[in-house]
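This report refers to the structure that appears directly beneath it.
The values are calculated or read from the model by the stated rules, or taken from the named source; none is laboratory data. If you're wondering where the values come from, they're calculated on a predicted model, not measured in any experiment. As a convention, Cβ positions derive from the backbone with ideal geometry for all residues, glycine included, and neighbour counts pool all protein chains shown. Only protein heavy atoms, including side chains, enter the accessible area calculation; ligands, DNA and RNA are left aside. Shrake-Rupley method; radii C 1.70, N 1.55, O 1.52, S 1.80 Å.
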Amino acid sequence: MDHNSERSGLSRLQGISVIASVVLPIVAAYIVYYTGIGMPRSTINEGELLQPAVDVKSLPFVERGTGPLQFTAEKLKWRYLVIPAGPCTSECEKLLYTSRQVHIRLAEKADRVERLLVSTSPLSDARHQQLQREHPRLRFVTLAPAVLEKLERDAGFDQWDRPRALLVDQQGYAMMAYDNRHSGNQLLKDIKRLLKYSYEQ
């Protein structure tokens with residue numbers, strides 16, 4: 001092999017090396033982002049990631065004592081939508097308690113987060129007063145059954161066979177789901193990380 005051939009081969013290898021050094025990290029980043037493969041365990045979400053995220057900001061929520069609720073007209077916040085499987089009984093109350101304790105543990109960041117109990121019909125006055133006493137910062141909203149069923153399908157759940165809490169970002173997209181199999185520490189870990197990397201307005 002003459003020197004020209006050697007130089008030509010070396011140039012090709014160098015060219016391939018340069019291209020690979022640019023392309024491979026991009027490909028690797030896409031794989032990690034979309035599959036989670038190779039992602040350090042400490043950065044994986046504790047909640048069940050909704051893919052794609054579900055737009056809830058335009059849903060026709062009605063708040064008790066206030067009327068129609070539009071997230072787009074409110075201050076930007078992270079929100080937990082606590083959705084019972086039917087009436088809010090013991091399992092629903094357990095999830096409400098967990099989310100309340102997480103809210104308390106956020107301390108000075110608690111104002112950036114709020115919780116809403118979503119039902120398909122208004123609670124009785126006695127039940128509302130009881131939950132309001134136990135959860136002073138909880139908001140009470142309703143959605144029509146057909147709308148809630150669509151939300152369920154969009155979130156990828158066949159049926160609300162257990163209470164769930166959907167974590168909604170500041171732009172009004174439900175991005176993660178939790179239930180009573182998740183601990184308060186798991187919810188807290190996710191929301192603290194999200195608050196750290198999101199803007200406060």
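Some notes on this structure:
Here's the yes/no breakdown for (1) open to solvent by less than 30 Å² (accessible area, probe 1.4 Å); (2) under 21 Å from Gly47 (Cα atoms); (3) at pLDDT 95 or above:
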{"residue": "Glu114", "(1), (2), (3)": "yes, yes, yes"}
{"residue": "Leu131", "(1), (2), (3)": "yes, no, yes"}
{"residue": "His135", "(1), (2), (3)": "yes, no, yes"}
{"residue": "Glu152", "(1), (2), (3)": "yes, yes, no"}
{"residue": "Asp158", "(1), (2), (3)": "no, yes, no"}
{"residue": "Val168", "(1), (2), (3)": "yes, yes, yes"}
{"residue": "Arg193", "(1), (2), (3)": "no, yes, no"}
{"residue": "Gln201", "(1), (2), (3)": "no, no, no"}
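- Test for Ala85: is it in contact with a Pro (Cβ under 7 Å, 6 or more places away or on another chain), of a type in the set (A, V, I, L, M, F, W, C) and closer than 21 Å to Ala174 by Cβ: yes
- Unique residue being within 16 Å of the chain's Cα centre (by Cα) and among the polar types (S, T, N, Q) when the list is Ser99, Ser124, Ser119, Ser90: Ser99
- Residue in the range 35-44 that is modelled with pLDDT of 60 or more and within 30 Å of Leu117 (Cα to Cα) present: yes
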